[in-house]
Structure formats: structure tokens, C-alpha cells
Amino acid sequence: MQRADVQLRERLKELKCLYELSKIALQADNDLRKVADKALVILPSAMQFPEKAEASILVDGNEVSTPGFKNTETRISSPIMDRGKKRGYVAVGYRKSRSEKGATFLPEEKKLIRAVAQEFSLIVKRASAEEEKNKLQLQLQHVERLAFVGELSAGIAHELNEPLGRILGFAQLIKKAGGLNEQQTEDIERIVKASLYTREIIKKLMIFSRQMPRQITKLDLNEIISNILYFIDVRFVGRQVTIEKKLQENLPMIQADEVQMSQVLVNLITNSIHAMPTGGVLTIATKKKDNMVSLSVSDTGHGMTSEVRRKIFEPFFTTKPPGQGTGLGLSVVQGIVMAHHGKISVTSQPGRGTKVEVLLPLKQTNRET
């Protein structure tokens, strides 16, 4: 009769523990840390000797334990599983003093720990499913936002093109007519330069929104780099930037749009130079990689944090002060690379510079992008 009473009492403690754990999981809205913290309070009380029991819960490398768990010698544990993968464990141990033997665990206690671990497995699965759902929602929102921005950009580009063409045309006619004093000539020149700069922005908007058709031809990427660097050298000669070329000889030709490849290079090089306001080294390299050609642009500039790096391809995102950047450069680069069925990767560390690598296939296919 006494044995039955003990078993009944232990069973009631176990059921109460599982009930409390389920209630905690519901109230904590699948927050694993909150559930684990509160589970540490109720687990020892469900053991045969609660005054000597200690508990520990590990999920995805994050461990929480009661203060005396490290002093336990007798322990039992059960794994927390998620789709066949071990994500952690639930463990309970008994402290042992010098004057007594270590306590042994009842079969019911072992079953309880397995049940608790199974409950945590369900919580982990629900948390993972919720996290995946949130990621998918964010991706969908991002795609919708990009589609809207693309449509908006195309509309803005078309609306600006005509009046800009008139401004540039009339400014050039006034300049050509002559009879202007020195100040008027300088003012007209400023209008022409501002119009040409705005035209470049519009061109970026049109590339981003895919309003400019590609013209695929065979290209020597090394030759395009040399042509671009001729103008880059002149423009940034006063910035104390050293440009190093590491171009593979006899680089295979690629099939690509020459204007868009030039746009990629200009944007990447300009970004790197702006990242080195006090000077540095800009390295441009090419080489063949399997059936692709690699183009990399590296700098020794200020680099980027992981948070900034995650956003660099978002349209209109820029870390430059107002008036010094449109935030379209890398968005355009990514759009061009993807349209050419290529790949782009960015590695960067704050204070140690940035490297952008573009991989382009030797031949273009007719598949839709």
C-alpha cells in the first residue's frame, strides 16, 4: 500500500510538471528561452528528491541550468529532436554529498524526462515553423516592394527624359550661339553637366526597371576594364587611390551587353573609391572559373557591417550623405548580373575593406530571367 502511495504521488508530480510545461509554452508564445527558464523551476520539483535535484536545458547551443547542476554526479537526459536532427537536450541530475550515496532515478523519472524532451521538441518545431513563415512573408513583401519600385522607377524615368532632353538641348544651343560673358558661359556649362549627370541617373532607373533592352555580343572583359580605367584614372587622380590590375591573360570571351557591363564596372569601381576617402588600394581582377569568368573589385576602405551588407542590394539604400548617392548603384549591378544569368557575392569587414565578385557565364541562354 505504501509503495502504491509513493508511485501515485510521483505520478501526480509528473503530470503536474507536464501540465505546467504545456501552459508555460502556450503563455510564452513558443519563446524557447522563456519556456526553458520557467521549466528549470518546475523540473526539479517533479523529481523523487526535489531538494537535491538540478536541471539543465540546451537548445541550439544556448544552455540554461540551475545553479547547482555542474555539481551533480548522477544524471539522466533526453534529446530534443526536430525533423530527425538533434537540437539539444533536457537533463536532470542529483547532487551528492560526501556522507551519502548518489541517488538513483526511478523509471517514472526517466519517462518524465523523455516526455519533457518531447514537449520541447514540439515547441522547437512550432518555433521553427513560425520563423520560416515569417521569413517567407518578408521575402514576399520584399518582392512586392521591388515590383512596385520597378514600376515607379520606369514611370519616373519616362517622365523626366523628355523635359531633361529639352533642357540639355537648349543649353547646348545657347552655348553654341556664343556672345556670352564668362559668368554666363560657366552657368551654361553647369546646366549641361547637371543634365548629363541626371541623364545617368535616369539610365540607372531604366536599367533597374528593365526598360532598356540588352544587346548581347561577344566581349573581352579585360578590354572593357582597360577602357573604363582610362577615365577612372583621370577622374580620381587626386584621391590618392592606387589602382592594381590582376587580369588573366587570354581570358575567354563572354556573351554580354557591353553598355551594361561597363555600367557594372563603373558602379563597383566608384563605390570602392568612395569607400576610401583618405586613399587606399583598388584591385580589379579577372580569371576563368570553370565555365564562367570571374570579375572581382576589391578595396581597402572602411568596409561594411553585416547589417549594412544585408541591405546593399535594396533599391535606394545608401550610407552616403544626402546628395552624394542615389542608392541605385548596387541594385543596378545585381539586376544586370542576374539578367546575364550570373552570380554576385560580397565579402566585407569594418575597417578591412570590401570585395565584390561577379561570375558571368561564357554563353547566354534563351531562358527567361
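Here are the numbers for this structure:
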read-out	value
Residue among Thr283, Thr318 that is hydroxyl-bearing (Ser, Thr, Tyr), in the same structural domain as Asn227 (by TED's automatic domain parsing) and at pLDDT 85 or above	Thr283
Test result for Gln255, surrounded by fewer than 17 Cβ atoms within 10 Å (Cβ to Cβ) and of a type in the set (S, T, N, Q)	yes
Test: residue in region 193-211 that is in contact with a Lys or Arg (Cβ under 9 Å, 6 or more places away or on another chain) and modelled with pLDDT under 85	no
Residue within region 239-255 that is modelled with pLDDT of 70 or more, β-branched (Val, Ile, Thr) and in a helix (DSSP H, G or I) present	no
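For (1) modelled with pLDDT under 85; (2) not aliphatic (A, V, I, L, M), each residue gets a yes or a no:
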site	(1), (2)
Asn222	no, yes
Val234	yes, no
Val237	yes, no
Met261	no, no
Val266	yes, no
Thr278	no, yes
Ser296	no, yes
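The values are calculated or read from the model by the stated rules, or taken from the named source; none is laboratory data. The shown structure was predicted, so the numbers you read here are calculated from the model rather than taken from an experiment. Glycine also receives a Cβ, built like all others from the backbone with ideal geometry; neighbour counts cover every protein chain displayed.
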